[in-house]
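See structure below.
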Amino acid sequence: MTSALLSLLGITYPIIQAPMAGTATVALAAAVSNAGGLGSLGLGSSNVEEARTHIQALKQATAKPFNVNFFCHQPLPEDEARNQHWLRLLAPYFSEFSASPPTQISAGYPSFLDSPQMVDMLLIERPPVVSFHFGLPSQAVITALQQAGIKLLGCATNVAEAKAIEAAGLDGVIAQGVEAGGHRGVFEPEQDLELGLFGLLQLLNKHCSLPLIAAGGIMNGQGIQQVLTMGASAAQLGTAFILCPESNANAAYRAQLSSAKAYDTAITAVISGRPARGIINRMHQALGTHHAALPVYPTAYSAAKALNTVASAQNCNDFAPFWAGQGAPLARALPATELMAALIAEWHQACSLNY
Ligand SMILES: Cc1cc2nc3c(=O)[nH]c(=O)nc-3n(C[C@H](O)[C@H](O)[C@H](O)COP(=O)(O)O)c2cc1C
């Protein structure tokens, strides 16, 4: 399976740099692809023209395959009364910075399910690989993308999601364990089983015949070899790449990830409206893992971003959404090419110890 997936994706090493909307950059993805892995861009929060520009820039920066990723959440109707209630609830935090909440919040970016223009753009640009988070597009879109020669991956956090990805005819399943940094790929957040990668891989080995890509808490070559031993064909690493100088992480994000705070990650939905793992921040501490008044994703995220904007303008990063996985303290501040070389060397060493 390992080499089958590598040939399918056209990569040399079983290493995928996770798509990280807002954090992964063209330079990061290009460096990973040029080093023989699969570099990825998270385009879930980009509009069509931004996505096209990024894909074209990445094509210029690498002749190797790469992946672009989109959010397939079920679009939910806005509830203005709920949004206003949430803004009133957040008002005391804004007032700590002598600011008021925005008068209105909205989603900010559409679901891929609601963006036929994004599909049209992909059919023209034809990136080598496209992956989906939070669900799947329609069968018609899947068929059209495949007919354009694009390989497709879907993220599963449980057996039912992996079976849906298999039934839809995609090329591989990203098995995302609860250890993972960033948003859980779960299709229905209220039904999140929060399976660890150890259990998830064993379940998917039994119930899914597609190649598996393991994600969650993998920080070094030993970890890559361990998930391959457990039946995965490749590993997808996100947090491991955040400290690369090529990432978009700002100085505060880098400082927290390099500090003792990196040991304290947890999952909460109160920041964006969907469950996501990050370094515990004030919103998480004050409002918990979920809240009855929470607006829908990503409308809730617009409020959290507005709060972080006023706080960080006064040098307070207590409200920043610093997404990171359970392995966060192991992140290395290395240029992406050097990090890839280290991961490959560690993986080769772990392979030789295994046999
Ligand atoms: C900062 C950050 C942003 C992320 N953004 C995305 C995204 O846009 N799309 C996606 O499919 N996954 C996203 N993820 C999740 C990753 O695909 C992957 O599941 C996760 O990084 C694996 O766990 P790790 O961070 O412990 O390596 C993100 C993760 C992080 C850390």
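Details
- Accessible area of the chain belonging to carbon and sulfur atoms, whole % at 1.4 Å probe: 54
- Computed on protein heavy atoms with a 1.4 Å probe, the accessible areas place TYR297, TYR13, TYR263 in the order TYR263, TYR13, TYR297, largest first.
- In terms of overall dimensions, the C-alpha atoms belonging to the chain reach 59, 45, 40 Å along their principal axes, ordered largest to smallest.
- Taken along its principal axes, the alpha carbon cloud of the range 76-184 reaches lengths of 53, 33, 23 Å, longest axis first.
- Sequence-distant contacts, meaning Cα pairs under 8 Å at least 6 residues apart, place the relative contact order of the range 136-201 at 31 percent.
- Mean projected area of the convex hull spanned by the Cα atoms of the range 194-242, taken over all viewing directions: 3.4 nm².
- Furthest towards positive pole of dipole, PRO19, THR268, PHE134, structure part the chain, Cβ charges: PRO19
- Note on the chain: lysine pairs with Cα distance below 22 Å, sequence gap of 8 or more or different chains, count 5.
- Three semi-axes of the equivalent ellipsoid, the range 1-90, Cα gyration tensor, whole Å, largest first: 34, 15, 11
- Exposure rank, largest accessible area first [SER95, SER115; 1.4 Å]: SER95, SER115
- Among HIS348, HIS54, the sequence by solvent-accessible area, most first, with a 1.4 Å probe is HIS348, HIS54.
- The residues of the range 208-302 present an accessible area of 32 Å² per residue when probed at 1.4 Å with all protein chains retained.
- Summary value for the range 1-59: 33 percent relative contact order, contacts being C-alpha pairs under 8 angstrom separated by 6+ residues.
- Lys, Arg +1 and Asp, Glu -1 on Cβ, resulting dipole of the chain about Cα centre, debye, nearest 20: 420
- Accessible area per residue for the range 1-144 is 42 Å², calculated with a 1.4 Å probe on protein heavy atoms, without ligands, DNA or RNA.
- Residue-by-residue Karplus 3J(HN,Hα) for the range 322-334, coefficients 6.51, -1.76, 1.60, Hz, glycine and proline x: 8, 5, 6, x, 5, x, 3, x, 8, 5, 10, 7, 10
- Those residues of the range 99-142 whose amide nitrogen sits under 15 Å from the label point placed on THR53, 7 Å along Cα→Cβ: none
- Burial order of peptide ranges 336-346, 266-276, 208-218, 231-241 (average beta-carbon count within 10 Å, highest first): 231-241, 208-218, 266-276, 336-346
- Fraction of beta bridges assigned by DSSP in the chain that are antiparallel (%, nearest 5): 20
The values are calculated or read from the model by the stated rules, or taken from the named source; none is laboratory data. None of these values were measured; they are calculated from a predicted model. FYI the Cβ positions are ideal-geometry reconstructions off the backbone, even for glycines, and counts take in every protein chain you see. Ligands, DNA and RNA are stripped out before the accessible areas are found, and what is left, the full protein with its side chains, is counted by its heavy atoms. Shrake-Rupley method; radii C 1.70, N 1.55, O 1.52, S 1.80 Å.
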